[in-house]
Amino acid sequence: RMGENDDAHEVTLTKAFSLGMHEVTQSQYEQVMGDNPCRFKGANNPVEQVSWEDAVEFCRKLSELPAEKAAGRVYRLPTEAEWEYACRAGTTTKYSFGDDDTELGDYAWFSGNSGQTSHPVGGKKPNAWGLYDMHGNVWEWCQDWYGDYPSGSVTDPSGATSSSGRVNRGGGWFNTADNCRSADRYRNSPSYRNYNLGFRVVRSSGK
């Protein structure tokens, strides 16, 4: 079940995918792209100050590396539905750990504990599926254009056909607990960059 309240709707995902355990780090980004654009420098901190276009280019370049090509691995951004499915990890509550936002500090870096900076990935508790920082640290780009959810059940949704912004999910170090909910969503222009915004990748195939 995706979304919440009046936006809640049934989604069926039919294609297997693997999602990164954590946000792409600065070290990983630099290995592939050759630069580090971040404001908050740290090899294991999430990459930030990257646009949706930068994230898509990272996925393209990573997929083209000889070792990845030889293994048949292809990388991309998650769809918004894939992201929320992975974030929820089987739950229907406000957060992947329940409804009590006083517990958020155990799972997320957000405005209440971050000291106004990003932090190394994997430093908080993971969700039930072993994914770290799905709540907080930095917002994450998704593949989809931002738009109204469909009414009724859908299968493998890929978002709006067009819009002025691409979806951001998860909340970040700058945001309140409310912005870190599993269903909370935002959007920005594909060329937008901010020190509160990064991404993680999906591996969509492999041998």
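Quick notes on this one:
- Relative contact order %, segment 1-109, counting alpha carbon pairs below 8 Å whose residues are six or more apart: 18
- Computed about the Cα centre, the dipole magnitude for the chain is approximately 700 debye when only Lys and Arg (+1) and Asp and Glu (-1) carry charge, each at its Cβ.
- The label-point distance for residue 70 and residue 186, in a model that sets each label 7 Å from Cα toward Cβ, rounds to 4.2 nm.
- Cβ-Cβ FRET estimate between residue 53 and residue 125, R0 fixed at 41 Å, reported to 0.05: 0.80
- For the options 113, 168, 188, a Gaussian network treatment of the chain with springs between C-alpha atoms closer than 10 Å singles out 113 as fluctuating the most.
- Extension gain (nm, one decimal) between residue 102 and residue 116, 0.36 nm per residue minus Cα-Cα: 3.2 nm
- Residue of 134, 21, 33 that the Gaussian network model of the chain assigns the largest fluctuation, springs spanning Cα pairs under 10 Å: 33
- Each residue, residue 43 and residue 162, gets one label point 7 Å from its Cα in the Cβ direction; the gap between the two is 4.6 nm.
- Relative contact order of the chain: 32 percent, from C-alpha pairs under 8 Å at least 6 residues apart in sequence.
- Protein accessible area in the chain, 1.4 Å probe - carbon and sulfur %: 46
- In this Cβ point-charge picture (+1 for Lys and Arg, -1 for Asp and Glu), segment 1-96 has a dipole of about 380 debye about its Cα centre.
- Among the listed pairs 94/124; 69/125; 61/94; 15/124, a Cα-Cα separation exceeding 25 Å is found for 69/125; 61/94; 15/124.
- Read-out semi-axes √(5λ) of the Cα gyration tensor in Å, derived from the coordinates shown; its label in (1) 34, 19, 16; (2) 28, 20, 16; (3) 24, 22, 16: (3)
- Binned Cα-Cα distances of segment 102-160, short to long, each 5 Å bin given as a whole percent: 4, 16, 20, 16, 12, 15, 13, 4, 0
- Most mobile listed residue (197, 13, 62) in the chain, GNM with C-alpha springs under 10 Å: 13
The values are calculated or read from the model by the stated rules, or taken from the named source; none is laboratory data. Remember, predicted model here, so these are calculated numbers, not experimental data. All Cβ positions, even for glycine, are placed from backbone atoms using ideal geometry, and neighbour counts span all protein chains on display. Areas reflect the complete protein model, heavy atoms only, side chains present, ligands, DNA and RNA absent. Shrake-Rupley method; radii C 1.70, N 1.55, O 1.52, S 1.80 Å.
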